[in-house]
Every structure is written in structure tokens, then in C-alpha cells.
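The values are calculated or read from the model by the stated rules, or taken from the named source; none is laboratory data. Note that the structure is a prediction, hence the values are computed from the model and not measured. Cβ placement follows ideal geometry from the backbone for every residue including glycine, while neighbour counts extend to all protein chains displayed.
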Amino acid sequence: MPMTQEKRSETRKRHYQKNKEKLKEKSRLSRQENPEYLKEYNKKYIKTEAGKENCNKALHKYQHTEKGKRGLRKNELKHKQKYPERYKARYSLQNAVAQNKITHPDACEECGEFKIVEGHHSDYEKPLEVQWLCPDCHRALHKDLILA
Ligand SMILES: [Zn+2]
Ligand SMILES: [Zn+2]
């Protein structure tokens, strides 16, 4: 029996629906596999009014959770008044580098990669004794030390 006009359009519709799901799934997957895309997407989204609002709401909510409160406290702890020796050490180091008393290497002492390195103080009492680390290794080290 030949297909009626109605049946054919019905089939097409179903086909379209099926594909739509597939396409959605595909774009979802590609987003998952492509964090850069997601980052770009989020950047654009955050700039929209709805995005800003949602972002603020989420932040507000987050700040009231235990984790958020802890994060805030951590930021407070980072505050320079609480750790003047750290700031002093950094300041002395910067001065020493500026005066060529210390050479600022081009590579990370930990992984050896040529990256912008930052001085890590294991002892703030000795501001010129630093380990030069790339941000990744520096962060990893601090994670182990549980210092900020
Ligand atoms: Zn490194
Ligand atoms: Zn450090």
C-alpha cells in the first residue's frame, strides 16, 4: 500500500524528532569534550543580563554555604595585614630582583618548563631564599603545604 501524504509527513516528523535528540546529544557531548567552547559560551552567557543575575544568585548562595564561608575566611586569611611577613618577603624579593641581586630564572625549578615563574618562600624570614616555580607547580606545592 502506497504511503499517504499524511503518513509521509508523519514519518518525516518522527525522523526530525529523532535527529533533533541526536543533535542535542551531539552538541552536549562536543561541549563536554571541548572545555574551551564551554568557557567561551560561559563568558558570553555571563555578560547577558540573565547570566549576570544567575551568576550573582549562585555566588550569593555559595557564600552562605559552609564551603563558601570557608572560602571567604581563606580570603580574609590571605589578607596582607594578617601576614605582613609574607608581603615583606615578597617586597624584598622584588627589590632584590630589580637591583639584580637575584636573578629571576626563565624556567620552573620543579618541572623545568620555560614559563613565567614566581618565587616561593619556604621561610619568610629569609626573603631572598626562594624556589622559582611556575604557577602550576607553585599551586601544587601550596596544596601540599596547605598554606595560602
Ligand atoms: Zn613547574
Ligand atoms: Zn609559595
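Taken together, the residues in segment 100-148 that are acidic (Asp, Glu) and either away from ligand 1 (no atom under 16 Å from the Cβ) or surrounded by 15 or more Cβ atoms within 10 Å (Cβ to Cβ) (or both) amount to 5. In this entry, Lys80 passes the filter for residues that are in a loop (DSSP other than H, G, I, E, B), more than 15 Å from ligand 1 (Cβ to nearest atom) and modelled with pLDDT under 90. Just one of the listed residues (Tyr41, Tyr62) is surrounded by 10 or more Cβ atoms within 10 Å (Cβ to Cβ), at pLDDT 70 or above, part of a helix (DSSP H, G or I) and not hydrophobic (A, V, I, L, M, F, W, C), and it is Tyr41.
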